[in-house]
Amino acid sequence: MPVGTFPPVLLVALTGGIGAGKSSASALLVERGAVLIDADAVARELQAAGGKAFGPMVDLFGPDVVAPDGELDRAAIAAIVFPDKEKLAALNALMLPMIGKEIYDRIEAQRQTDNVVVLDLPLLGMGTTNNYDTKAMIVVDCPVDIALDRLVNGPRSMKRKDAEARMAAQITREARLELADFVLDNSGSPEDLAIAVDKCWKWVLSLGTS
């Protein structure tokens, strides 16, 4: 796909480790006027029954990853790939090109607009970044122990060892922070996050005039 041929829409990337609250931050940015392109949502659409990735996923991991409702059992797939680097690499080799093409197509759909487009890229450091002409990188950040507590004791109710495996499969907090043009702190309350997102949004809008 062409690289660096994007229109004057304002493209910013958003990332953060699992449990950092990236989805909450992106939802708040949408409330403030951003157009969201969410790589995780794109992956779910591709992997849905009838999606382009559904058959290849079953071929890769076997029929046991199909749930009784006919959809892929994402928890079962996660349990397979995150403790096993080779299987995770195979999953990435299958999915990342498909995800990248769909993201590019969605950016193209914004070509004639002056929207702020936020690219939510959770797989930062695993092959999906640097393919888009983004203006800046926003990193949603919180300490590792807070993120782990959210995964284990929050709505996801993940087993601790599963949460730790997911975190270990991602790049480190320190590596993400090194790439940040703006760090969006989410170590506090939802109200604190809303205040931080207000500051972030003002900063993003200033990029369009620079």
Stretch gain in nm, segment Glu178-Ala67, where the contour uses 0.36 nm per residue and the Cα spacing is subtracted: 36.0 nm
Ratio Rg/Rh [Cα only; Rh per Kirkwood] for the chain: 0.96
Leu207-Leu88 FRET efficiency (beta carbon distance; Förster radius 41 Å; 0.05 resolution): 0.75
Long-range HN-HN contacts of Val35 with modeled amide H, under 5 Å: Val116, Val117, Val118
Computed [θ] at 222 nm, helices only, for the chain once each DSSP H run of length n ≥ 4 contributes -39500 (n - 2.57): -15000 deg cm²/dmol
Cβ-Cβ FRET estimate between Ala76 and Val30, R0 fixed at 30 Å, reported to 0.05: 0.50
Förster radius 41 Å - calculated FRET efficiency between Gln112 and Ile171, Cβ distance, rounded to 0.05: 0.75
Listed peptides 40-46, 108-114 by packing density, highest first (mean Cβ within 10 Å): 40-46, 108-114
By average C-beta atoms within 10 angstrom, highest first, the peptides 80-92, 135-147, 13-25: 13-25, 135-147, 80-92
Per residue solvent-accessible surface (Å²) - region 6-100, probe of 1.4 Å: 46
Proximal lysines relative to Lys87, as straight alpha-carbon distance under 23 Å, when same-chain residues fewer than 8 apart are discounted: Lys52, Lys101, Lys159, Lys161
Region 179-203 versus region 9-45: alpha-carbon centroid distance in Å: 13
Extended-chain gain in nm, criterion 0.36 nm per residue less alpha-carbon gap, Asp192 and Ala41: 51.8 nm
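The values are calculated or read from the model by the stated rules, or taken from the named source; none is laboratory data. These numbers come from a predicted model, not from an experiment. Don't worry about glycine lacking a Cβ; one is built from the backbone with ideal geometry, like all the others, and counts go over all protein chains shown. For the accessible areas, the whole protein counts, side chains as well, though only heavy atoms, and no ligand, DNA or RNA atoms are used. Shrake-Rupley method; radii C 1.70, N 1.55, O 1.52, S 1.80 Å.
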